[in-house]
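Read the structure below first, then the notes.
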Amino acid sequence: MKLAKSVYVIAALAVIAHIVCITQYGIFRDELYYLACSEHLDWGYVDQPPLSIVIAWFARNVFGESLFAIRILAVLAHAGLVLLTAGIAKQFAGGKFAQSMAALCSAIAPIYLGTTHFFSMNAFEPLFWMGCVYIAVTIFNGASEKRWLWFGVLAGLSLENKHTTLFFGAAFVIGLLLSPQRRHLIRPWIWLGGLIAVALFLPNLLWEMRHDFATIELLNNIAHSHKNSPVGAWSFFGAQLTLMNPMTAPVWIAGLFWLFRSRDYRALGWCSVALFLEFVVMKGKVYYLSPVYPMLFAAGSVWLERASRAVPFGRAVAVALVTIAGVILAPLALPILPVETFIAYQKRLRLEPPATETHRLGKLPQFYADMHGWPEMAATVAGVYNRLSPADKAKCAIFGQNYGQAGAIDFYGKRYGLPKAISAHQNYYLWGPRGATGEVMIVLDDDRETLLKIFDQVEEVAVVRHPYAMPYENDKPVHLCRGMKLPMRELWPRIKKWI
């Protein structure tokens, strides 16, 4: 795929921006969990399919466990998305400017800067979705319909990466049904591609069946917990403006209209609208729609290229506006600034990333706060553990209330000789108590009254503190507990925490 040279420059600049600040803050909460999961390879997990965990396993075993090693594949995914966005623009018959403008929009959108700066399944999701779109566009342009088989391969891998691909698949089919491209549905290749996708997804589906559809149970718990920030259609739409960079809005909105006006690509316009409605109705998080925007950037950039031919300096102005706004918003997505400088900058800007959960915030938005406090937490627990007698150490278990706490003990505890943590949160529950008997246990973040119902002796021995951590992780007690009143096998099912 030969693209304009400027596209490769933009992709390289995106990678450089990530690398410059890749160690500015610490490891992210979810990264700790991904690394923990990578020590338990399976065909599924309570809160995710297996592909991203396999990628995490590959990264830590090939590159190591530094922040650079953990994150470099996610960073390269951003570069890949930039190139793919330009490639879609080229398939829309876009010239050098359209390709470059589309690439710039994907490179500088805050949501892509943020989600590809740390390791998670969200870093790879847009690549899979837009890979499917790229293949579909080549077919709409007259390429062999056998390419639907490759569409199925990417769709299946995407399902193994994140289950929201089901919404993309449903929206894509709706788009076909509502457009002239419905003719592909009466031919065999698209259905064969669908069978390939199902076959690739089958191992995870079988895992879900063996575990009583654990992910559905988790999602149902979350829906009734009021954990996620409530959003309506207008607030969902408004969040898109911030996530995508407000100055790109004319591009992607124009792109949506351009797709609807095009007979060949109208299916993609309907797909975008269907996805928006699906996530609004299902009360999804505001960033769930983000993987679809690159194709809108591509279409809008083609429109802008054609519309600006008769407008002197029009293209330069468009590039300048998108770039300036992107640079202003970049510190909200990339940890470019030292913490105190960022806090002052955000106050001056009077703009915060859209909230996705209802937790009370501290000095930092949750995205950054969850990059702080984990090494200190592990060190505090290690101080308690290393004061124990050798006999108590041999029996001691460390219990974390959530996968962040447990993951921090697992990741940072190695340097202190700590045992692996146990927790009833998410997939830690399925990994069980790891042989813990409850005779001696260090418990993070719980209250004495609750613990006295479970143990004979409860002593507060330390407090976990960090000025930049989320409030629910700050000023939390550490208790040393002895003499569990119930056998662990009876207690464990009672403390299951899937939320």
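Taking the stretch 450-471 on its own, how many of its residues are touching a residue at least 60 places away in the same chain (Cβ under 8 Å), of a type outside the set (A, V, I, L, M, F, W, C) and either closer than 16 Å to PHE399 by Cβ or surrounded by fewer than 16 Cβ atoms within 10 Å (Cβ to Cβ) (or both)? Quick ask: steps written out before the conclusion?
First, the residues of the stretch 450-471 that are touching a residue at least 60 places away in the same chain (Cβ under 8 Å): 461-471.
Keeping just the survivors that are of a type outside the set (A, V, I, L, M, F, W, C) gives 465-468, 471.
Keeping just the survivors that are either closer than 16 Å to PHE399 by Cβ or surrounded by fewer than 16 Cβ atoms within 10 Å (Cβ to Cβ) (or both) gives 465, 467, 471.
Of the residues in that region, 3 qualify.
Determine, yes or no, whether ARG263 is in a helix (DSSP H, G or I), surrounded by fewer than 20 Cβ atoms within 10 Å (Cβ to Cβ) and charged (D, E, K, R).
Spelling it out, it is not the case that ARG263 is in a helix (DSSP H, G or I), surrounded by fewer than 20 Cβ atoms within 10 Å (Cβ to Cβ) and charged (D, E, K, R).
I'd like the full set of residues that are in contact with a strand residue (DSSP E or B) (Cβ under 6 Å, 6 or more places away or on another chain) and of a type in the set (D, E, K, R), limited to the stretch 395-418.
Answer for the stretch 395-418, where residues must be in contact with a strand residue (DSSP E or B) (Cβ under 6 Å, 6 or more places away or on another chain) and of a type in the set (D, E, K, R): just LYS395.
Which number in (1) surrounded by fewer than 20 Cβ atoms within 10 Å (Cβ to Cβ); (2) among the aliphatic types (A, V, I, L, M); (3) more than 16 Å from LYS476 (Cα to Cα); (4) at pLDDT below 95 marks the one condition that LEU364 misses?
Status for LEU364: all satisfied but (1).
Somewhere in the stretch 349-362, is a residue polar (S, T, N, Q), part of a loop (DSSP other than H, G, I, E, B) and either more than 25 Å from ILE16 (Cβ to Cβ) or more than 26 Å from the chain's Cα centre (by Cα) (or both)?
Yes: one or more hits.
So which residues in the stretch 97-121 are under 15 Å from SER301 (Cα atoms) and either touching a Pro at 6+ places or on another chain (Cβ under 8 Å) or not β-branched (Val, Ile, Thr) (or both)?
If the condition is that a residue be under 15 Å from SER301 (Cα atoms) and either touching a Pro at 6+ places or on another chain (Cβ under 8 Å) or not β-branched (Val, Ile, Thr) (or both), then PHE97, ALA98, GLN99, SER100, MET101, ALA102, ALA103, LEU104, CYS105, SER106, ALA107, ALA109 are the ones that fit.
Of the conditions (1) free of Cβ contacts under 8 Å to residues at least 24 places away in the same chain; (2) touching a helix residue (DSSP H, G or I) at 6+ places or on another chain (Cβ under 7 Å), PHE140 clears all except one; give me its number.
PHE140 satisfies all of (1) free of Cβ contacts under 8 Å to residues at least 24 places away in the same chain; (2) touching a helix residue (DSSP H, G or I) at 6+ places or on another chain (Cβ under 7 Å) except (1).
Count, please, the residues in the stretch 140-176 that happen to be over 26 Å from the mean Cα position of the chain (by Cα) and under 19 Å from PRO50 (Cα atoms).
Final tally of qualifying residues: 0.
Can you say whether PRO331 is assigned to a helix (DSSP H, G or I), without any contact (Cβ under 8 Å) to a residue 60 or more places away in the chain and either buried (at least 22 other Cβ atoms within 10 Å of the Cβ) or under 22 Å from the mean Cα position of the chain (by Cα) (or both), as far as the supplied structure shows?
yes
Here are ALA98, ALA89, ALA74: which of them is within 24 Å of TYR368 (Cα to Cα) and in a helix (DSSP H, G or I)? Can you show your working first?
Working: ALA98 fails: within 24 Å of TYR368 (Cα to Cα); ALA89 fails: within 24 Å of TYR368 (Cα to Cα).
Exactly one residue qualifies, and that residue is ALA74.
Looking at GLY131, GLY194, GLY80, can you tell me which residue is over 30 Å from ILE19 (Cα atoms) and either of a type outside the set (A, V, I, L, M) or modelled with pLDDT under 95 (or both)? Spell out how you get there, then give the answer.
Working: GLY131 fails: over 30 Å from ILE19 (Cα atoms); GLY80 fails: over 30 Å from ILE19 (Cα atoms).
Answer to the selection: GLY194.
Among what's in the stretch 415-449 and is touching an Asp or Glu at 6+ places or on another chain (Cβ under 6 Å) and in a loop (DSSP other than H, G, I, E, B), pick the residue that is surrounded by the most Cβ atoms within 10 Å (Cβ to Cβ).
ALA421
Restricting attention to helices (runs of 4 or more DSSP H) lying wholly within the stretch 107-199, give those where 1 or more residues are of a type outside the set (A, V, I, L, M, F, W, C) and touching an Asp or Glu at 6+ places or on another chain (Cβ under 8 Å).
Where helices (runs of 4 or more DSSP H) fall fully within the stretch 107-199 and carry at least 1 residues being of a type outside the set (A, V, I, L, M, F, W, C) and touching an Asp or Glu at 6+ places or on another chain (Cβ under 8 Å), they are 148-161, 165-177.
Residues in the stretch 19-29: is at least one assigned to a helix (DSSP H, G or I) and either of a type in the set (A, V, I, L, M, F, W, C) or outside the structural domain of PHE201 (by TED's automatic domain parsing) (or both)?
Let us first name the residues in the stretch 19-29 that are assigned to a helix (DSSP H, G or I), namely 19-20, 29.
Adding the requirement that they be either of a type in the set (A, V, I, L, M, F, W, C) or outside the structural domain of PHE201 (by TED's automatic domain parsing) (or both) leaves 19-20.
Looking for residues that are assigned to a helix (DSSP H, G or I) and either of a type in the set (A, V, I, L, M, F, W, C) or outside the structural domain of PHE201 (by TED's automatic domain parsing) (or both), one finds at least one in the stretch 19-29, hence yes.
Only one of these is surrounded by fewer than 19 Cβ atoms within 10 Å (Cβ to Cβ) and over 23 Å from LEU277 (Cβ atoms): ILE186, ILE174, ILE139. Name it. Can you show your working first?
Working: ILE174 fails: over 23 Å from LEU277 (Cβ atoms); ILE139 fails: surrounded by fewer than 19 Cβ atoms within 10 Å (Cβ to Cβ).
Of the residues listed, the single one that is surrounded by fewer than 19 Cβ atoms within 10 Å (Cβ to Cβ) and over 23 Å from LEU277 (Cβ atoms) is ILE186.
So which residues in the stretch 213-232 are exposed (fewer than 12 other Cβ atoms within 10 Å of the Cβ) and over 12 Å from LYS285 (Cβ atoms), if there are any at all?
Correct list: ILE216, HIS224, SER225, HIS226, GLY232.
Restricting to the stretch 468-499, count the residues that are within 34 Å of the chain's Cα centre (by Cα), part of a loop (DSSP other than H, G, I, E, B) and of a type outside the set (Val, Ile, Thr).
Residues that pass the stated criteria total 7.
In the stretch 379-411, which residue that is over 23 Å from TYR34 (Cα atoms) and either in the same structural domain as TYR45 (by TED's automatic domain parsing) or assigned to a loop (DSSP other than H, G, I, E, B) (or both) is farthest from the chain's Cα centre (by Cα)?
Checked the stretch 379-411; the qualifying residue farthest from the chain's Cα centre (by Cα) is SER389.
Return a yes/no flag: does the stretch 279-295 have any residue that is more than 27 Å from ALA333 (Cβ to Cβ) and out of contact with any helix residue (DSSP H, G or I) (no Cβ under 6 Å at 6 or more places or on another chain).
Checking the stretch 279-295: at least one residue is more than 27 Å from ALA333 (Cβ to Cβ) and out of contact with any helix residue (DSSP H, G or I) (no Cβ under 6 Å at 6 or more places or on another chain).
If we scan the stretch 443-459, do we find a residue that is touching a Gly at 6+ places or on another chain (Cβ under 7 Å), under 20 Å from LEU388 (Cβ atoms) and of a type in the set (Asp, Glu)?
Yes, there is a match, as at least one residue in the stretch 443-459 is touching a Gly at 6+ places or on another chain (Cβ under 7 Å), under 20 Å from LEU388 (Cβ atoms) and of a type in the set (Asp, Glu).
The values are calculated or read from the model by the stated rules, or taken from the named source; none is laboratory data. Please read all numbers here as calculations on a predicted model, not as lab measurements. Heads up, the Cβs are rebuilt from the backbone with ideal geometry, glycines too, and the neighbour counts pull from every protein chain shown.
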